[in-house]
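Working notes, beginning with the structure itself.
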Amino acid sequence: MVYRMKVAGLERDLPLCPINEDLYIGAFILFGDVELTERCAEELAKLAPEHDVLLTAESKGIPLIHAMSRHLGENRYVLARKSVKLYMKDVLKCETKSITTGSIQTLYIDGDDAEYLKGKRVLIVDDVISTGGSLLSLENLVEQAGGTIVGKMTILAEGDAIGREDITYLAPLPLFDKNGNPLN
């Protein structure tokens, strides 16, 4: 089963993947789709509020935030990692549960990046916002670092996120029943 959707002027077929016996999500995959990544980044950049730095979570947000930075003429963005790397010192962390992983994850920001966020206007960017778990962790990390969130942007708002007024998104993505019918 697939769901055909249009975003940023492009059509894509999203494979439907089970979350449980009765609930399916459309798998929105940016990796390897340069045209889609670039077009979405360009459209989000047009809608971006005034900010000092972009922040995203590993991993599908990486190509998006990289392309957005280029469209906005910015040379640095901050990445919350899923694991601590050897070079990371004085790490900030926050736990989250994402609908796509189904388990508790921890996001980490390097101490140098946390210092860079301090006192800055931060724009959070992600590829899909659904339950908001990852977004909440990113918000928590910005707060820990002493930054101010000026916006939250995503390509797709999924499920309950469609009704949220605190995020800017390019297109809605419904959840699906076991027969592939949209639930919202």
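Observations
- Carbon and sulfur %, accessible surface of the chain computed with the full protein complex present, 1.4 Å: 48
- Per the Debye calculation on region 66-148 with a single equal scatterer at every Cα and no solvent contribution, log₁₀ I(q)/I(0) for q = 0.19, 0.21 Å⁻¹ amounts to -0.89, -1.05.
- In the context of the full set of protein chains, residues of the chain present 50 Å² of accessible surface per residue (probe radius 1.4 Å, heavy atoms only).
- Extents of the chain, largest first, come to 48, 33, 30 Å (Cα atoms, principal axes, whole angstrom).
- Both the radius of gyration and Dmax for region 39-84 are 10.5, 33 Å, in that order, over alpha-carbon atoms.
- Ranking Leu107, Gly151, Leu135 by how far each Cα lies toward the positive end of the dipole of the chain (charges on Cβ) leaves Leu107 at the top.
- Spatially proximal lysines relative to Lys89 (Cα-Cα < 19 Å; intrachain offsets below 8 disregarded): Lys118
- Debye-sum result for region 1-71 in log10 I(q)/I(0), which assumes one identical scatterer on each alpha carbon, at q = 0.21, 0.24, 0.28 Å⁻¹: -0.95, -1.10, -1.26
- Dividing the mean sequence gap of close Cα pairs (under 8 Å, 6+ apart) by how many residues region 21-116 holds gives a relative contact order of 21 percent.
- Counted residue by residue at 0.36 nm each, then reduced by the alpha carbon distance between them, the extension gain from Asp52 to Ala27 reaches 5.9 nm.
- Candidate residues Cys40, Cys17: accessible-area rank, largest first, probe 1.4 Å: Cys17, Cys40
The values are calculated or read from the model by the stated rules, or taken from the named source; none is laboratory data. What you see is a predicted model; the values in this text were computed from it and never measured. Cβ: placed from backbone, ideal geometry, glycine included. Neighbour counts: every protein chain shown. Keep in mind that these areas ignore ligands, DNA and RNA; they rest on the heavy atoms of the full protein, side chains included. Shrake-Rupley method; radii C 1.70, N 1.55, O 1.52, S 1.80 Å.
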